[in-house]
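The values are calculated or read from the model by the stated rules, or taken from the named source; none is laboratory data. Not measured: the values here are computed from a predicted model. For neighbour counting, all protein chains shown are included, and Cβ atoms are generated from backbone atoms with ideal geometry for every residue, glycine included. The protein model used for the area step is the full one, side chains on, heavy atoms only, and it has no ligands, DNA or RNA in it. Shrake-Rupley method; radii C 1.70, N 1.55, O 1.52, S 1.80 Å.
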Amino acid sequence: MRQPGEITQVKGGMMQVTFCRPEACAACNACEGGKKEHSIWVKGEGRVGEIAVVDMPDRMVARASFVAYGMPLLTLLAGMIGGYLVTGGSDAGAGIGAAAGLAAGMTALAVTEKGRRGKEEWHPRLVDILPGSAEKETEQNEV
């Protein structure tokens, strides 16, 4: 998944790239409370105002989505079924099991996040730098 965004900050070999929410995401509002812009830090060299094209392989986007959404859902369902069976068919047992399963899934997600954060394959990477407003300002100053 390639996405262009504007470089809004540069610090020590890292760039903050700000993206506008794609049209396909307009109705969702799940990202950061529905903000219209989202920023990430990417390794690379560029200037504030230039456009950075950032890539995250589709398979990694799918894996990240599964880890973030699928795993907690699966642990919630497993906890619900387990609680239901252990308590002999009690709805309260299913509810408690679901809460425990969700808590276990979220805890596992938090514990394993540090490992994913350290692996390069989980990070978006810089593909290209396109001229943006930084280059236009330089041209206007030269005239």
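Within the set of other residues whose C-beta is less than 12 Å from the C-beta of residue 56, count the net charge using Lys and Arg as +1 and Asp and Glu as -1.
On the way: positive: 2, 59, 63, 125; negative: 55, 58, 120, 121.
Every neighbour counted, the sum reads 0.
Here the translational diffusion coefficient of segment 30-100 follows from Stokes-Einstein with Rh set to the Kirkwood radius across Cα pairs; for 37 °C and 0.692 mPa s it amounts to 208 µm²/s.
Under the simplified labelling scheme, the residue 125-residue 109 pair shows an inter-label distance of 2.7 nm, with each label point 7 Å from Cα along Cα→Cβ. Given a 1.4 Å probe and the protein chains as shown, residue 6 ends up with an accessible area of around 80 Å². The packing ranking, built from the mean of other Cβ atoms within 10 Å per residue, places the peptides 59-71, 87-99 in the order 87-99, 59-71, highest first. Note on surface exposure: 56, 80, 106 rank 106, 80, 56 by accessible area, highest first, 1.4 Å probe. Database remark: amide H of residue 10 closer than 5 angstrom to the amide H of 16 (H placed geometrically; neighbours at sequence offset of 5 or more, or on other chains; Pro and chain starts carry no H). Full extension of the chain between residue 117 and residue 90 gives 5.7 nm of extra length, using 0.36 nm per residue less the Cα-Cα distance.
Taking amide hydrogens as placed 1.01 Å from N in the peptide plane, the amide H of residue 127 sits under 5 Å from those of 53, 54, 55, each at least 5 positions away in sequence or on another chain.
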